[in-house]
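Visitor: There's a structure below that I have some questions on.
The values are calculated or read from the model by the stated rules, or taken from the named source; none is laboratory data. Not measured: the values here are computed from a predicted model. Please note: Cβ atoms are built from the backbone with ideal geometry, for glycine as well, and neighbour counts cover all protein chains shown.
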Amino acid sequence: MKFERYVWLSYVLLTLLAVLMVVPLVFMFTTSVKTLGDILSLQFRWVPREFTVENFTRVLQIMPFARYLYNTASIVAMTFLVQSITISLAAYAFARLRFKGRDLLFFLFLVQLMIPATSIIIPNYQTIRTLGILNRRLAVGIVYFASAYGTFLMRQAFRAVPRDLEDTAKIDGCNGPRVIRHVLLPLTKPSLIAFAFVSGTFHWNNFFWPLLVTDTVRARTLTVGLAMLTQATESTPEITITMAAAVMITAPLFMLFIVFQKPFIESFAGAGALKG
């Protein structure tokens with residue numbers, strides 16, 4: 001009986017936390033479809049008296065949303081493609097190869113997780129400026145081409161794969177890279193998808209670094225564009241436009257999570273490394 005009470009209590013707490021997380025999203029969406037009259041009204045309404053999509057149209061008129069979307073999507077895709085190669089190779093080395101200093105080197109990889117990214121902003125900026133790639137999409141993504149978290153995640157997934165499968169592949173003529181591509185990665189796909197979602201979400205929402213290394217429309221990202229839109233409309237009570245832009249920015253992430261939520265949850269539950 002006591003255990004059942006704890007279970008119900010946990011459900012109640014989780015429900016309250018879920019509601020607290022959903023309320024800002026609901027406010028963002030309902031505000032994005034409100035008219036300016038609803039915003040200026042003294043009586044707050046969750047449901048607008050009149051739905052409108054004019055706010056989304058004005059976002060497209062005020063800011064080059066399509067360009068910002070292309071920049072952000074290309075940066076996210078470029079960064080993950082390079083990361084998928086670097087973390088797979090590094091994870092294979094730490095999980096399967098035996099060499100002197102392996103554990104110490106892996107420990108140093110994990111130490112990176114404890115170092116705040118802002119502490120190395122200045123040397124990273126100086127490096128980007130020296131390379132002459134400021135105001136380019138490459139400048140935003142290149143500092144994230146290696147990932148300590150991704151290496152750790154894929155290493156744990158590779159270690160869950162039986163060595164017999166790898167040995168069989170080597171007998172058939174597969175070398176190291178082909179073993180990773182044809183044996184390990186297919187069996188650890190949920191972990192890679194989970195990392196793709198984590199990486200994509202981070203770089204989609206990244207603000208400070210893109211703000212620092214880009215100052216032209218050619219390379220500016222959605223988050224920086226949203227901040228500039230907010231500054232442009234802060235002298236007027238047009239919060240509806242800002243909320244409409246926020247909805248347009250976050251919608252792709254929600255759709256991706258809906259599509260890949262099963263492997264994402266399986267990976268963190270420890271059930272996605274190997275089946276059967």
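Visitor: Condition first: over 25 Å from T230 (Cβ atoms), of a type in the set (D, E, K, R) and free of Cβ contacts under 8 Å to residues at least 24 places away in the same chain. Can you find one or more residues in region 3-16 that meet it? Please lay out each step first, then the result.
Guide: Start the filter on region 3-16 by keeping residues that are over 25 Å from T230 (Cβ atoms), which leaves 3-16.
Subset that is of a type in the set (D, E, K, R): 4-5.
Filter once more, keeping what is free of Cβ contacts under 8 Å to residues at least 24 places away in the same chain: 4-5.
Yes, region 3-16 contains a residue that is over 25 Å from T230 (Cβ atoms), of a type in the set (D, E, K, R) and free of Cβ contacts under 8 Å to residues at least 24 places away in the same chain.
Visitor: Shifting gears a bit: Looking at (1) under 24 Å from H203 (Cβ atoms); (2) at pLDDT below 90; (3) crowded, with 16+ Cβ neighbours inside 10 Å, find the lone condition where I115 falls short.
Guide: (3)
Visitor: Filter region 34-72 down to residues that are of a type in the set (A, V, I, L, M) and touching a residue at least 40 places away in the same chain (Cβ under 8 Å) and give me whichever is nearest to T201 (Cα to Cα).
Guide: Here the answer is L69.
Visitor: Can I ask one more? Here is a list: L211, L184, L256. Which entry is in a helix (DSSP H, G or I), modelled with pLDDT under 85 and on the phi < 0 side of the Ramachandran plot?
Guide: Exactly one of L211, L184, L256 is in a helix (DSSP H, G or I), modelled with pLDDT under 85 and on the phi < 0 side of the Ramachandran plot, namely L256.
For every residue, the table says whether it meets (1) more than 20 Å from A194 (Cα to Cα); (2) modelled with pLDDT under 90; (3) small (G, A, S).
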residue	(1), (2), (3)
R49	yes, yes, no
V59	yes, yes, no
M63	yes, yes, no
I75	no, no, no
A91	no, no, yes
R96	yes, yes, no
K100	yes, yes, no
V111	yes, yes, no
I120	yes, yes, no
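Visitor: Any idea which of (1) under 22 Å from the mean Cα position of the chain (by Cα); (2) surrounded by 11 or more Cβ atoms within 10 Å (Cβ to Cβ); (3) closer than 23 Å to R220 by Cβ is the one L131 doesn't satisfy?
Guide: (1)
Visitor: OK, next. Tell me which residues, restricted to region 114-158, are assigned to a helix (DSSP H, G or I), of a type in the set (K, R) and either touching a residue at least 12 places away in the same chain (Cβ under 8 Å) or under 19 Å from A77 (Cα atoms) (or both).
Guide: R137, R155 - these are the residues of region 114-158 that are assigned to a helix (DSSP H, G or I), of a type in the set (K, R) and either touching a residue at least 12 places away in the same chain (Cβ under 8 Å) or under 19 Å from A77 (Cα atoms) (or both).
Visitor: Can V161 be described as under 30 Å from Q126 (Cβ atoms), outside any helix (DSSP H, G or I) and among the hydrophobic types (A, V, I, L, M, F, W, C)?
Guide: Against the criterion (under 30 Å from Q126 (Cβ atoms), outside any helix (DSSP H, G or I) and among the hydrophobic types (A, V, I, L, M, F, W, C)), V161 does not qualify.
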